[in-house]
Structure formats: structure tokens, C-alpha cells
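Have a look at the structure below, then the notes.
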């Protein structure tokens, strides 16, 4: 009972901790070593996860601003997936499954279930809080882990171009969070 | 001889008329210093974000970013470009100072000022 309540109240904290500790491994000073094929896979998965969260939002809320936010997330992240996939094809790189993307997918399953099971009145806050935490974690991971390890110049450039978009999404999420909290 | 002289006079008259007409048109043509200013949309920014133009100038926005954007009047969206896919452009001739933003990504803002 305690753990259920704890998890319901703190899914974002758990998500972020898992991401930072097991995915990036920064806290343990154990940074995963990734090749370009693995980095391409992580980039696609990380974008797909936010598309998935947005699609849940479209079915769970009638809040016009939250709906608009979710639509932007879906459209932008799908555009990035298309570009990343096209680049991988051009470079002859087959995105390669790896421990980081597996871990991300595990967390996606948990969070999607949490969002789907949320009460309608609680959903907007839960979704937006997660968007703040998720985008912050992804920005940190792209800047601190993926870009430094990318070898191919074109893939590195693509990742660098995505950073302002992710930071902008984070800012949009923080503004939405402020409105919900007020 | 008289007929030949008449022809020559007629040709000379017509030539003079045509030349005068061309000269008139050249002199009467409005002298336009209108310029097309370019705003590049890239890295989630309008660049330059603030632009000062002369009356009659046009502004063209080019989406060189990685996602769809638009150019809309801020805050009322009384006019707008509609969705600009990557690579698409939108051109307009402002007649007054305007504030604009991307209604898809509302923290992207820009200004056009008239001299």
C-alpha cells in the first residue's frame, strides 16, 4: 500500500532517478560507451516515447492548452524521427538496440500505464510534470552523453540541431506547469 | 521626289515620337528603393528577431529549421502565414510596426519596426 501510494505520487522522481542513474550512469561515474548505430537508436526511441505520451494525452484530457501542447510534441518528435531515420538510411547505419534504449522502453511502459490509469482530474498535471522531467533528462542526456560520443559529423550535427527544440519544449512544458499549478 | 521627302519626314517624326515616348516613360517610372528583407527561422529562433524597414519594403521568412513553424501576429493572430514546412517561405509587406510569434512554439517571437 505504501509503495503504491509512493509510486503514484512520485512516478516522475522515480523516472528521473532511473534515467539519470541507470541510463546515463553519471551518478556512478559509469558512462555507457555507445557507437553511432546505438546513438541513432536511442535518438529514435527517445522521440518515440514522447510521441507515445502525447497520444495518451489526446485520449485523456479535454484541456485545450494541454491538448495543443501534446499535438505539438507529437508533430515535432515525429518530424525528428523521420529525419533521424532518413539520415541513418543515408549513412547506411542500422539503428542498434542497446541497454540504454531498452531501459528507456521499460520506463516508457511504466509511465504510459501510469498516465492511462490516472484520474482525469489529475491527468493534466501528471502529464505536464512528466514532460518537464522527461525533457530535462533528455536535454541533459543528449548534451552530456550522446553528442560527445557521436563519431559521424552529420549525426552529431543533427543531434546538435535538436537541442534547441528540446530546450524549447522544456520551456513550453515549464510554462504549462506554472499555469496548472496556479 | 516629293513623295520620298514626305516619307523621310514621316519616318523622322515617328522615330522622334517613339524616342520621346520612351524617354517619358523612363522619366515617369517610379523610382523604387523597396527591399526584400530575409528572416531565417532556425534553431527555434527568428533571425534577426528584430528588423527595422522602410515603407514599401517586404519581409520574407524562410523556414530552415528542422520542424514546422509559422509566422502569426502576436498576440491576436489577426494574420498569419499558416504552417510553414521545412524549406517553405512566407512574404508580406508590413504597413506598420508589428509583433509576431510562432503560434506553434509561442516563445519564439519577433518584431518589425517601420522607420
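All of the numbers you see were taken from the coordinates with simple rules; none came from a lab. Note that the structure is a prediction, hence the values are computed from the model and not measured. FYI the Cβ positions are ideal-geometry reconstructions off the backbone, even for glycines, and counts take in every protein chain you see.
Residue by residue through A:161-169, how many Cβ atoms from other chains fall within 10 Å of the Cβ on average?
Other-chain Cβ atoms within 10 Å of each residue's Cβ, averaged: 4.
Over all directions, the average projected area of the alpha-carbon convex hull for region A:76-182 comes to how many nm²?
Answer in nm², one decimal: 7.5.
Only counting other Cβ atoms within 10 Å, I'd like A:45, A:80, B:41 sorted with the fewest neighbours first.
A:45, A:80, B:41
Within 10 Å of each Cβ of A:77-88, how many other protein chain Cβ atoms are there on average?
Counting other chains' Cβ atoms within 10 Å and averaging over A:77-88 gives 1.
How well do other chains shield peptide B:91-103, expressed as the mean number of their Cβ atoms within 10 Å of each residue Cβ?
On the way: counts 0, 0, 0, 0, 0, 0, 0, 0, 0, 0, 0, 1, 1.
Average neighbour count from other chains, rounded to a whole number: 0.
With a 10 Å Cβ neighbour count serving as the proxy for reagent exposure, in which order, fewest first, do B:92, B:108 appear? Write out the running numbers ahead of the final one.
Details: B:92 15, B:108 22.
In order of increasing Cβ crowding within 10 Å: B:92, B:108.
Given a Förster distance of 25 Å, report the FRET efficiency between residue B:93 and residue B:47 from their Cβ-Cβ distance, rounded to the nearest 0.05.
Numbers: r = 20 Å, r/R0 = 0.82.
Given R0 = 25 Å and the Cβ-Cβ separation, E is 0.75.
Using 7 Å Cα-to-Cβ label points, what is the residue A:125/residue A:112 separation (nm, one decimal)?
Placing both labels 7 Å beyond Cα along the Cβ direction yields 2.6 nm.
Can you tell me the FRET efficiency between residue B:60 and residue A:35 if r is taken as the Cβ-Cβ distance and R0 is 45 Å, rounded to the nearest 0.05?
Calculated value: 0.60.
Sorted by mean Cβ packing within 10 Å, highest first, what order do the peptides A:87-96, A:165-174 take?
Working: A:87-96: 13.9, A:165-174: 20.3.
The densest-packed peptide leads the list: A:165-174, A:87-96.
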